[in-house]
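Right, one structure below, let's go through it.
The values are calculated or read from the model by the stated rules, or taken from the named source; none is laboratory data. Every value quoted in this text rests on a predicted model; they were computed, and no experiment measured them. Every residue, glycine among them, receives a Cβ derived from its backbone with ideal geometry; neighbour counts consider all protein chains shown. Just the protein is used for accessible areas: all its heavy atoms, side chains included, with ligands, DNA and RNA removed. Shrake-Rupley method; radii C 1.70, N 1.55, O 1.52, S 1.80 Å.
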Amino acid sequence: MKDLSKIVEDFNTQGTIKAIKPLGGGLINDTYKVETTEPNNPDYVLQRINHTIFQNIEMLQTNIEAVTRHIRKKLTEAEETDIDRKVLTFLETAEGKTYSFDGENYWRMMTFIPHAHTYETVNPEYSYYAGVAFGNFQAMLADIPDTLGETIPDFHNMEFRLQQLREAVDADAVGRVAEVQYYLDEIANRAGEMCKAEQLHREGKLPKRVCHCDTKVNNMMFDDEGKVLCVIDLDTVMPSYIFSDYGDFLRTGANTGDEDDKDLNRVNFNMEIFKAFTKGYLEGANSFLTPLEIENLPYAAALFPYMQCVRFLADYINGDTYYKTSSSDHNLIRTQAQFKLLQSVEEHTEDMKAFISECLNRGQ
Ligand code: GN1
Ligand code: MG
């Protein structure tokens, strides 16, 4: 790989670069913090974009520019303060682009937001703020004038993800199918119900809206007081069902264990987090949600552990070609943990429905 400081030179930064250090724990891109010497200069974030996964970088960055421009406009209209802390700022190259190609890799840079934190777990209070923030994020983007491209086609299409799993099973490239039969059966048992969103969409009952599509709890930044500053990791912002953002936050935020927890006893669905997040989300997204979307929020809470189980298992069967892994059974461990989470979500279906009705009756 090229010298990182050479790549930084392609962008319009200010100040003297002091250090470049790895940052964050994403499973797809590589992220670094670029520190400058002068205290009054900003630090930066440098990212190598995984172009095996995001194959159309021009479309990707055009989407991100449109989204950040629109959010900035909305925040300005609402007379918000500290706007540069509430939306990401991308740096330009000499050619006026927000990415640079070094002959091998694509890179981009953002201004680092100081006194901002990401978390792998959140308490109910933070979840409530996160719910409002993701609801607002979708609401702000509801009238974006640009048409966003699908940066990963069929990204949250459950039928497509099951098709990919079937292809992986048929190829059985590294001989792992026999040992995962239990999970394949459990997945097959739920396939019809889990493809409900695609069915409702075909029937014209479920719209696609601009969504974030990767609302992992660690893709949101909080300030020192625990208030949400902004949503990060905008690569997958594209038209999808609102279930994407609601479901993927709960998959990560309401899991009492880790996404790849080896101890399945630690993995459960936390109803306190569910309640706080749902209350916030219904407040933030109230202006546009349809009754059918609201009615299916418990389905969304199950869909995302299920989809992630399918995706991790397919990658395990394929021989670990997509996600970064730290051991040869990492994707299997992830599959097991996501399946345990799904089972726990399923046990809470009735409680979830009751809570949502309560919220609606209270007029939220
Ligand atoms: C990836 O990049 P990161 O870690 O935020 C993935 C998500 C998965 C997630 C599982 C482009 O997100 O879809 O839900 O890992 N992003 C892509 O942890 O595939
Ligand atoms: Mg991320």
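List of remarks:
- Cβ pairs under 9 Å, 6+ apart, first in region 279-292 and outside the structural domain of F243 (by TED's automatic domain parsing), second of a type outside the set (A, V, I, L, M, F, W, C): none
- Counted residues, region 224-244 - those being away from ligand 2 (no atom under 11 Å from the Cβ), within 17 Å of I71 (Cβ to Cβ) and open to solvent by less than 30 Å² (accessible area, probe 1.4 Å): 4
- Any hit, region 263-272, residues being assigned to a helix (DSSP H, G or I), under 15 Å from the mean Cα position of the chain (by Cα) and within 17 Å of L341 (Cβ to Cβ): no
- Count of region 197-221 residues which are open to solvent by less than 10 Å² (accessible area, probe 1.4 Å), within 16 Å of ligand 2 (Cβ to nearest atom) and either at pLDDT 95 or above or not in a helix (DSSP H, G or I) (or both): 5
- Note on region 49-91: residues that are within 23 Å of E225 (Cβ to Cβ) and not polar (S, T, N, Q) amount to 14.
- Any hit, region 54-65, residues being within 12 Å of ligand 1 (Cβ to nearest atom) and surrounded by fewer than 18 Cβ atoms within 10 Å (Cβ to Cβ): yes
- Members of region 152-196 found to be farther than 30 Å from L289 by Cα, open to solvent by less than 40 Å² (accessible area, probe 1.4 Å) and among the aromatic types (F, W, Y), listed by number: Y183
- Scan of region 32-53 for residues that are under 22 Å from the mean Cα position of the chain (by Cα) and either open to solvent by less than 50 Å² (accessible area, probe 1.4 Å) or touching a residue at least 12 places away in the same chain (Cβ under 8 Å) (or both), ordered by number: Y32, K33, Y44, V45, L46, Q47, R48, I49, N50, H51, I53
- The set of residues in region 1-30 that are within 15 Å of ligand 2 (Cβ to nearest atom) and part of a loop (DSSP other than H, G, I, E, B) comprises L23, G24, G25, G26, L27, I28, N29.
- Residue check for N29: touching a residue at least 12 places away in the same chain (Cβ under 8 Å), open to solvent by less than 30 Å² (accessible area, probe 1.4 Å), on the phi < 0 side of the Ramachandran plot and in contact with a Leu (Cβ under 9 Å, 6 or more places away or on another chain): no
- Region 31-60 - residue that is charged (D, E, K, R) and not in a strand (DSSP E or B) and, of those, modelled with the lowest pLDDT: E38
- Whichever residue in region 311-336 is within 11 Å of ligand 1 (Cβ to nearest atom) and assigned to a helix (DSSP H, G or I) and, among such residues, is most open to solvent (accessible area, probe 1.4 Å): R311
- Residue in region 67-79 that is more than 16 Å from ligand 2 (Cβ to nearest atom), of a type in the set (A, V, I, L, M, F, W, C) and buried (at least 18 other Cβ atoms within 10 Å of the Cβ) present: yes
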